[in-house]
1. Would a scan of segment 142-156 turn up a residue that is touching a Gly at 6+ places or on another chain (Cβ under 9 Å) and closer than 16 Å to Y197 by Cβ?
2. Considering segment 164-176 alone, what residues qualify as being in contact with a strand residue (DSSP E or B) (Cβ under 6 Å, 6 or more places away or on another chain) and either within 29 Å of E70 (Cα to Cα) or surrounded by fewer than 16 Cβ atoms within 10 Å (Cβ to Cβ) (or both)?
3. If we keep just the residues of segment 76-94 that are part of a helix (DSSP H, G or I) and surrounded by 15 or more Cβ atoms within 10 Å (Cβ to Cβ), which is farthest from the chain's Cα centre (by Cα)?
4. For the structure I just gave you, tell me whether G58 is of a type outside the set (D, E, K, R), within 14 Å of the chain's Cα centre (by Cα) and not in a strand (DSSP E or B).
5. Of the residues D112, D57, which is out of contact with any strand residue (DSSP E or B) (no Cβ under 9 Å at 6 or more places or on another chain), more than 26 Å from R208 (Cβ to Cβ) and acidic (D, E)?
6. Anything in segment 77-127 that is in contact with a Leu (Cβ under 8 Å, 6 or more places away or on another chain), basic (K, R) and within 30 Å of L185 (Cα to Cα)? List them, or say none.
7. Determine whether segment 144-156 contains at least one residue that is assigned to a loop (DSSP other than H, G, I, E, B), within 24 Å of D112 (Cα to Cα) and touching a Leu at 6+ places or on another chain (Cβ under 6 Å).
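We did not get these values from a lab; they are worked out from the coordinates using the rules stated. Remember, it's a predicted structure, so these values are computed and weren't measured experimentally. Glycine gets a Cβ as well: all are built from the backbone with ideal geometry, and neighbour counts include every protein chain shown.
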Amino acid sequence: MLKGEWRAALLAPPGRAADEGRRAEALRRLAVYRQSRRLFVSPAAELTQIRINALLDGKELIMPGPGLKEGFYLVRPFSVPFPRLKLAVSLKGVALCGRLLRHEELPGLGIDLLLTEALAVDEQGGRLGDGSGFFDLAAAILNQSGALSPEAQVWAAGTRHRPPALPRDPWDVPMHGLIEAEEVLVFPTAGVMPGIYWQYLPAARIRRLTPLWREWRRLQTEGITPGAG
């Protein structure tokens, strides 16, 4: 089946607050989380408690702005009063409570862990998202710009669907693990983090998304033609 057919067949069940809390606590018990200093977390509603916990646990939180238009925001731990934490980790509030990172700040940022939601994750760590492609693109930008640590891992949270195999595109980010309310799975054969597949991105979209445009210009300045080869 094509990805669209999989999404139609695997409609996500309504999330439960109790499940979100259990997933957030399960993540806290993982060594990869405890050892991380900086996390990139999708702005999905079902990962709200994970983002709040990251700040409470003294970790720096990286989030994309709405639609990736402006780029990435940094929210520092203990910089937001407790009553405003939920706002601070939302798409609406991250621009108010966080700081927009300049593209020049991304290299060497050292993000240790990336977390995203999933509609389904197959037995090899292939993820099926909502079809927008924003997580894969955000991860590719961070990877190509040097913002990830060499040991960075990517985990998904919040799906009950685990088909044997899902269709994959070259730019799909492989998962190292999956956190469910009752179970944690590790995929030791997770593939290499992909870079930006410029040849599949319309020029208008590159110009519209600031981090893409900045990376495009950086490569050109270095004499590299994005998408060549």
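1. Of all residues in segment 142-156, those touching a Gly at 6+ places or on another chain (Cβ under 9 Å) come to 143-144, 146-149, 152-156.
Then keep just the ones that are closer than 16 Å to Y197 by Cβ; that gives 143-144.
The answer is yes; a qualifying residue exists.
2. Within segment 164-176, the subset in contact with a strand residue (DSSP E or B) (Cβ under 6 Å, 6 or more places away or on another chain) is 166, 173, 175-176.
Residues satisfying the conditions are V173, M175, H176.
3. Step one: list which residues in segment 76-94 are part of a helix (DSSP H, G or I), which gives 82-88, 94.
Okay, now just the ones that are also surrounded by 15 or more Cβ atoms within 10 Å (Cβ to Cβ), so 85, 88, 94.
Details: L85: 19, A88: 17, V94: 15 Å.
Once the filter is applied, the top-ranked residue is L85.
4. Numbers: of a type outside the set (D, E, K, R): yes; within 14 Å of the chain's Cα centre (by Cα): no; not in a strand (DSSP E or B): yes.
So G58 does not fit the description; no.
5. Numbers: D112 fails: out of contact with any strand residue (DSSP E or B) (no Cβ under 9 Å at 6 or more places or on another chain).
Unique residue meeting the criteria: D57.
6. R127
7. Residues of segment 144-156 assigned to a loop (DSSP other than H, G, I, E, B): 145-147.
Those left that are additionally within 24 Å of D112 (Cα to Cα): 145-147.
Filter once more, so that each one left must be touching a Leu at 6+ places or on another chain (Cβ under 6 Å): 145, 147.
There is at least one residue in segment 144-156 that is assigned to a loop (DSSP other than H, G, I, E, B), within 24 Å of D112 (Cα to Cα) and touching a Leu at 6+ places or on another chain (Cβ under 6 Å).
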